[in-house]
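Peer 1: Got a structure for you, written out below as structure tokens; questions coming shortly.
The values are calculated or read from the model by the stated rules, or taken from the named source; none is laboratory data. In this text the structure is predicted, and so the values were computed from the model without any measurement. No Cβ is skipped: glycine too gets one built from the backbone with ideal geometry, and neighbour counts run over all protein chains shown. Note: areas computed on protein heavy atoms with side chains; ligands, DNA, RNA excluded. Shrake-Rupley method; radii C 1.70, N 1.55, O 1.52, S 1.80 Å.
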Amino acid sequence: TMEAWIKTTTIGGEILSWGSNATGEKWNWRTTNSGYQRIEINGNGVVGGTNVADGNWHHVVAVLNGTRLSDVQFYVDGVLDPKTANPTTAINTNVTAGITVQVSKGIHNRYLIGEMDGLRIWNTDVSLANINEWKRKKVNSSHPNYANLEMNYELNHTGSNLVKDSSGKGNDATIIGSQNRISIP
């Protein structure tokens, strides 16, 4: 499960990505040229149906419960977002070998120009009820999926190049360049 608050008008902008740029191995969460959410794994992608690149704040979520693109569900502002493309391509992002997550820049340098807040990555499929209950709260140990929280960036930038991870896993990030993208080794 990945979730974030975004405010953008960027079409084609990357929210976050990881993996190798090879078929089935690249995980890229971005907006399409219509402003919809898209999970792209190189060779195919699954697409939501709501424009989230309209200049308003949106809470966007992508949940994978399975091993195929058809197992991805999108949510926008706490509501299931019907998919406009739903391929069944297998996913293998090889996360056991360690990953570098990139926020905004992504594999193809398609920056998400705008604002982002509350970026969270979980290693489980968080329920919609829990997503909605916690989307406006700071996550702490009372969250039912707290042990599954891998990265939590409140994105309260303090002027340094360090972005603190408040998941307790120590996955701090570094701001790279003038585009304010971050990279998490």
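Peer 1: Consider W134 carefully, then state whether it is among the aromatic types (F, W, Y), surrounded by 17 or more Cβ atoms within 10 Å (Cβ to Cβ), modelled with pLDDT of 75 or more and out of contact with any Leu (no Cβ under 6 Å at 6 or more places or on another chain).
Peer 2: Details: among the aromatic types (F, W, Y): yes; surrounded by 17 or more Cβ atoms within 10 Å (Cβ to Cβ): yes; modelled with pLDDT of 75 or more: yes; out of contact with any Leu (no Cβ under 6 Å at 6 or more places or on another chain): yes.
Yes; evaluated as a whole, the condition is true for this residue.
Peer 1: Would you check which residues across region 109-131 are assigned to a strand (DSSP E or B), open to solvent by less than 50 Å² (accessible area, probe 1.4 Å) and either at negative phi or touching a helix residue (DSSP H, G or I) at 6+ places or on another chain (Cβ under 8 Å) (or both) and list them?
Peer 2: M116, L119, R120, I121, W122
Peer 1: Since H143 meets every condition but one in (1) surrounded by fewer than 15 Cβ atoms within 10 Å (Cβ to Cβ); (2) at pLDDT 95 or above; (3) part of a loop (DSSP other than H, G, I, E, B), which condition does it not meet?
Peer 2: That leaves (1) as the condition not met.
Peer 1: Continuing with this model, one more query. Taking only region 146-160 into account, find how many residues are surrounded by fewer than 13 Cβ atoms within 10 Å (Cβ to Cβ) and either on the phi < 0 side of the Ramachandran plot or at pLDDT 75 or above (or both).
Peer 2: 4
Peer 1: Can you tell me which of W29, W18 is open to solvent by less than 20 Å² (accessible area, probe 1.4 Å), over 19 Å from R136 (Cα atoms) and in a strand (DSSP E or B)?
Peer 2: The conditions single out W29.
Peer 1: Tell me, which residue of region 162-175 that is within 19 Å of D117 (Cβ to Cβ) and either in a loop (DSSP other than H, G, I, E, B) or open to solvent by 40 Å² or more (accessible area, probe 1.4 Å) (or both) is modelled with the highest pLDDT?
Peer 2: Checked region 162-175; the qualifying residue modelled with the highest pLDDT is S167.
Peer 1: Ok, one more. Exactly one condition in (1) over 20 Å from L149 (Cα atoms); (2) in contact with a Lys or Arg (Cβ under 6 Å, 6 or more places away or on another chain); (3) assigned to a strand (DSSP E or B) is false for E3; which is it?
Peer 2: Only one criterion is unmet by E3, namely (1).
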